[in-house]
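Visitor: Quick one: this structure, given as structure tokens, is what I'll be asking you about.
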């Protein structure tokens, strides 16, 4: 009965969405503000990537709120799983590393992932990419050893320091803009941070700096999240293993 | 609207993803599968949102040096849904991580991922902690209030020795 009603509901919703979609004027811009932003952003923000301009300049406070949501999620996971228990557990007696090939593969992958991650962050205002995407790649670079080596752990203190510093830098740049009588968090051009020519690396004022802080914060947050979950799973499996030994 | 082009196919795909996700959410009884269904539903919704600012001949909203700004503006896709979806994806990751943490905790505590079993055990725990008797029919013996599944789960879990002792006490009082 529950299955039938579920299927009926999802089918009905799909039909409703389809009907709505057939009445939408596809191809025509639904919101005129989009084309206005496309026209204005090269002059006002100076970033070649319009999505980056929207994310950090026109909707900067929204991005700050998003960072706080991510922080809340990471804090919630830490609260639920708790990483204090994992530090009391002695390191595994049984070395179950995943073999020579994956160890060497990881050693090769980490520098590559770091380069790609920072490249995507630094070129976020010019190419598709930016702080979120690059941050995820950085997080993976730091998390890979935990997957392969059974005794590798991420240091939660370093992660929280990076996370806090990046968040503070993000807000401080936002406050800095207010000294030049601009709205909070709006990227600006001043002295060292020139507007530059559209499409060059050194352009768009403080926007790349904001993106760097964003990327580091997202990367640290995600790495901490994954490490907390991995710590918990390792503790659990070790606990069940030792129970099996006693029986 | 023109449903024959690329938009139509991708739009059907988005609606299909939403439908699959919803059906999975309703029909699966395993909490981890429900989270996976939520992920599918979320990607469908994101795709649907992105399509609102898409037209088949549009280009990515990134200025190249050889574009004149006024010309390029008309060719570009709407960048606002893209920025919104970027936000939605990151929030989705946060939600999934939180759900996964809860699932890990449930698995460690109840040793099952089945929704109905979890619900039964939670009801029993709540009733036990608050000194409330679970509703049961007058004809059924007390030992049947807790289903066989729970007792089996507890016998494999050494943490719940106290709870097992309680069960034996109840059973003893019934027998006596």
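Visitor: Only one of these conditions is not met by residue A:200: (1) over 25 Å from residue A:45 (Cα atoms); (2) surrounded by fewer than 18 Cβ atoms within 10 Å (Cβ to Cβ). Which number is it?
Guide: Failed condition: (1).
Listed here are the residues, each with its yes/no results for (1) out of contact with any strand residue (DSSP E or B) (no Cβ under 7 Å at 6 or more places or on another chain); (2) more than 10 Å from every other protein chain (Cβ to nearest Cβ); (3) at pLDDT 90 or above.
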| site | (1), (2), (3) |
| --- | --- |
| B:27 | yes, no, no |
| B:42 | yes, yes, yes |
| B:46 | yes, yes, yes |
| B:49 | yes, yes, no |
| B:52 | yes, no, no |
| B:62 | no, no, no |
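Visitor: Something else now. Among the helices (runs of 4 or more DSSP H) contained in region B:13-121, which hold 3 or more residues that are within 26 Å of the chain's Cα centre (by Cα)?
Guide: B:31-51, B:79-110
Visitor: Sort out for me the helices (runs of 4 or more DSSP H) sitting completely within region A:1-71 that have 2 or more residues that are under 33 Å from the mean Cα position of the chain (by Cα), within 25 Å of residue A:211 (Cβ to Cβ) and more than 7 Å from every other protein chain (Cβ to nearest Cβ).
Guide: Here the list reads A:32-44, A:50-53.
Visitor: Do you know which residues across region A:96-136 are buried (at least 22 other Cβ atoms within 10 Å of the Cβ) and either part of a helix (DSSP H, G or I) or at positive phi (or both)?
Guide: Selection gives A:117, A:120, A:121, A:129, A:130, A:131, A:132, A:134, A:135.
The values are calculated or read from the model by the stated rules, or taken from the named source; none is laboratory data. Computed from a predicted structure; not experimentally measured. Cβ sites come from the backbone with ideal geometry, for glycine too, and all protein chains shown count toward neighbours.
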